[in-house]
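See below for the structure under consideration.
The values are calculated or read from the model by the stated rules, or taken from the named source; none is laboratory data. In this text, all values refer to a predicted model and were calculated from it rather than measured experimentally. Positions of Cβ are generated from backbone atoms using ideal geometry, with glycine treated the same way; all protein chains shown enter the neighbour counts. Ligands, DNA and RNA are stripped out before the accessible areas are found, and what is left, the full protein with its side chains, is counted by its heavy atoms. Shrake-Rupley method; radii C 1.70, N 1.55, O 1.52, S 1.80 Å.
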Amino acid sequence: MMYLPWLIAIPVVLLLLWLAWRRPNRQRLAWRLQASAVAGLSLVLLVFPPATQQAISPGMAILLTQGYEPDTLSVLLQKLEAKPTVYTYKTASDKAETINSLTELHQRQPGLQTVHLLGYGLEEEEVAQLKDLQLKSHLTPTPAGVHSVRWPSSIKLGEAVEVAGKYKAGPESIKLYLHAAGQAQNSITLSADTVHTFRLRYTPKTQGRYTYTLLANTDTLGQVPVQVEPQQELGVLLLASSPNFEFKFLKNHLAELQHRVALRTTISKDLSQSEWLNMPRADLSRITPKLLQDFDVVITEPQALQRMSAAERNALQRAVSEEGLGVLTVAAAPVADRSTSFFTSFSGKRVSQQSSRSTRASWASEATASITAAPYTLNNTEATASLVAEQGEQVLVGAKRAGWGKVALSLVPQTFPWQLEGKPEVYASYWTSLLSAMAKEQVQEKFWEVAQPQVPQPNKPVILSFTDYTSDGVTVPTASVTSITDSININLPLAQHLHQPEKYNATFWPRRSGWHKAEVAGAEPYFFFVQDTSDWEFESIASRSAATQAFAAQQSIKPAEASVTYKEEPLPLIWFFILFALSSGFLWLEEKF
């Protein structure tokens with residue numbers, strides 16, 4: 001049958017050539033002969049269209065996912081000897097077949113062995129459906145936008161919410177905003193074609209659950225859910241070496257915030273004055289282990305530490321090392337006294353010849369503020385955490401671990417001028433930051449956390465982890481999750497960790513965005529936020545890419561040598577029709593002239 005078109009074409013072409021030759025008019029004879037040959041040949045090919053042999057691979061396929069690049073697809077097709085079938089999953093392409101489920105791959109190609117995957121990849125539960133296939137990934141690099149982001153899930157009232165991360169800018173500069181309380185609270189401009197580290201801050205004014213927004217120009221990148229909790233009521237012991245305004249103002253400020261405050265002020269060598277606010281009276285004349293059990297933070301001065309007996313300093317030192325107490329020493333210069341070295345062994349340097357200086361300082365909850373500091377700074381070392389710093393990363397207040405607790409040295413001897421200048425918010429922010437950093441850490445016996453992902457979204461699994469250090473290891477607690485938006489409540493089965501019997505995990509599938517509450521009897525309720533599916537796209541891209549790469553790296557499948565088959569691909573008839581129309585049209589017109 002393959003020779004039939006030529007057997008028919010030869011006599012047809014010869015007949016047309018003979019008719020063109022026998023015409024008396026010999027003008028344009030060569031053109032007539034060529035047109036006659038083309039007309040006869042194209043007419044036969046229209047009736048019997050020819051086909052080419054196309055090599056195909058029934059054991060191989062290409063799967064296009066969101067974010068695939070057409071250039072990558074073209075290069076891959078050129079490298080492959082046999083053309084594989086191209087499918088699209090959750091994306092669109094005119095040159096591929098659409099599938100709605102990965103199980104359709106086996107249904108359409110029963111002999112499928114290898115899949116080339118293009119784009120951002122598949123979710124972990126999706127890529128698991130390809131376990132019987134060899135996966136070769138050709139992933140697309142992450143696009144411009146947020147590449148990582150973090151923020152605290154909860155803060156104490158008076159602390160700042162800090163949203164930090166990395167942003168890959170595109171060909172144009174962009175401005176990031178943190179939108180809170182109905183307006184843009186903080187912003188940063190990022191130049192084009194660079195990767196930036198950004199930090200945006202906002203200090204909430206009241207406690208509660210809030211949802212802020214990170215914007216790029218006018219586009220929403222994602223929500224920033226934060227729970228603002230009331231300040232922890234601390235026990236603060238103030239040990240002053242002499243009467244001074246700094247400790248007087250601090251005592252009153254802490255008392256107004258309902259902290260338990262005790263102040264011991266040395267009047268003379270053998271005389272001291274004691275005050276108690278929001279707490280019962282106690283004997284402050286001698287520092288004992290029993291006394292220190294009632295406090296979370298001790299704020300003192302080098303002279304007060306030096307005047308203590310060795311037994312008192314040892315009691316204070318043990319309270320820091322073994323009980324987690326925090327001790328902050330406020331000084332006008334670095335201290336070199338050996339008797340207080342446990343509390344004051346911070347090295348520093350002199351930066352001014354004046355007795356004091358004014359500088360711009362920053363701390364966790366305030367960008368910058370003018371401050372009166374000593375003419376020294378602390379050396380910035382790996383062991384020293386900066387609590388208050390000035391420009392050039394010079395440390396004004398530094399802290400370091402000492403057993404279970406912390407010790408810190410402050411070179412800011414006076415902060416009460418902020419109160420006199422009418423800046424109570426700056427004063428409150430400063431001391432809230434220091435107290436939060438130095439206070440004895442509260443041990444939680446029962447608590448929840450979102451194990452993964454960082455950004456929960458509807459219809460995707462959320463791994464919740466519950467830890468109970470009071471558990472007997474036998475009784476598994478009963479949990480529930482409630483959607484705050486619509487009050488729908490579901491029971492949540494908990495699975496005990498094999499090697500950590502105090503830990504339990506559960507998988508929760510949220511159905512909608514918004515705040516949710518996880519509860520277990522005897523534990524504080526835990527609130528977490530489920531984002532919209534369009535928020536924090538980088539998280540979805542990163543998780544898909546990681547899941548796909550991990551799956552491909554762990555594969556042990558070695559498929560058999562790829563087989564090649566051939567199928568006939570008919571050539572497009574439109575070209576033969578055009579040739580027939582042009583050649584026959586020329587013969588008709590030529591005969592008229």
Residues of segment 39-69 classified as modelled with pLDDT of 75 or more, over 30 Å from residue 99 (Cβ atoms) and open to solvent by 60 Å² or more (accessible area, probe 1.4 Å), total: 1
Segment 502-523 residues that are more than 12 Å from residue 482 (Cβ to Cβ), paired with ones that are in a loop (DSSP other than H, G, I, E, B) and open to solvent by less than 20 Å² (accessible area, probe 1.4 Å) (beta carbon under 8 Å, 6 or more apart): 511/458; 512/458; 513/457; 513/458; 513/531
In segment 366-385, the residues that are open to solvent by 10 Å² or more (accessible area, probe 1.4 Å), of a type outside the set (Val, Ile, Thr) and touching a Leu at 6+ places or on another chain (Cβ under 8 Å): 376
Which numbered condition residue 352 fails, given (1) more than 29 Å from residue 163 (Cα to Cα); (2) touching a helix residue (DSSP H, G or I) at 6+ places or on another chain (Cβ under 6 Å); (3) among the hydroxyl-bearing types (Ser, Thr, Tyr): (2)
Filter result for residue 209 (over 19 Å from the mean Cα position of the chain (by Cα), charged (D, E, K, R), assigned to a strand (DSSP E or B) and surrounded by 13 or more Cβ atoms within 10 Å (Cβ to Cβ)): yes
Enumeration of residues in segment 317-351 that are modelled with pLDDT under 95 and of a type in the set (Lys, Arg): 338, 349, 350
Boolean, residue 246 is in contact (Cβ under 8 Å) with a residue 12 or more places away in the chain, more than 30 Å from residue 456 (Cβ to Cβ) and touching a strand residue (DSSP E or B) at 6+ places or on another chain (Cβ under 7 Å): yes
Tally of residues being surrounded by fewer than 21 Cβ atoms within 10 Å (Cβ to Cβ) and either over 47 Å from the mean Cα position of the chain (by Cα) or outside any helix (DSSP H, G or I) (or both) across segment 288-302: 3
Those residues of segment 144-201 which are outside any strand (DSSP E or B) and closer than 19 Å to residue 229 by Cα, in sequence order: 151, 152, 153, 158, 160, 181
Residue list for segment 421-449, restricted to those being surrounded by fewer than 19 Cβ atoms within 10 Å (Cβ to Cβ) and either part of a strand (DSSP E or B) or at pLDDT 95 or above (or both): 446, 447, 449
Hits in segment 355-391 (condition: farther than 22 Å from residue 198 by Cβ and assigned to a loop (DSSP other than H, G, I, E, B)): 355, 356, 374, 375, 379, 380, 381, 382, 383, 384
Condition met for residue 402 (on the phi < 0 side of the Ramachandran plot, touching a residue at least 60 places away in the same chain (Cβ under 8 Å) and buried (at least 18 other Cβ atoms within 10 Å of the Cβ)): yes
Filter result for residue 351 (among the aliphatic types (A, V, I, L, M), open to solvent by 40 Å² or more (accessible area, probe 1.4 Å) and touching a residue at least 40 places away in the same chain (Cβ under 8 Å)): yes
Selection from segment 484-535 of residues that are of a type in the set (Ser, Thr, Tyr) and open to solvent by less than 10 Å² (accessible area, probe 1.4 Å): 504
Failed condition for residue 280, given (1) surrounded by fewer than 13 Cβ atoms within 10 Å (Cβ to Cβ); (2) touching a helix residue (DSSP H, G or I) at 6+ places or on another chain (Cβ under 9 Å): (2)
Subset tally (residues that are assigned to a strand (DSSP E or B) and in contact with a helix residue (DSSP H, G or I) (Cβ under 8 Å, 6 or more places away or on another chain)) for segment 223-263: 7
Residue list for segment 71-91, restricted to those being closer than 21 Å to residue 142 by Cβ and either touching a residue at least 12 places away in the same chain (Cβ under 8 Å) or in contact with a Leu (Cβ under 9 Å, 6 or more places away or on another chain) (or both): 72, 73, 76, 88, 89, 90, 91
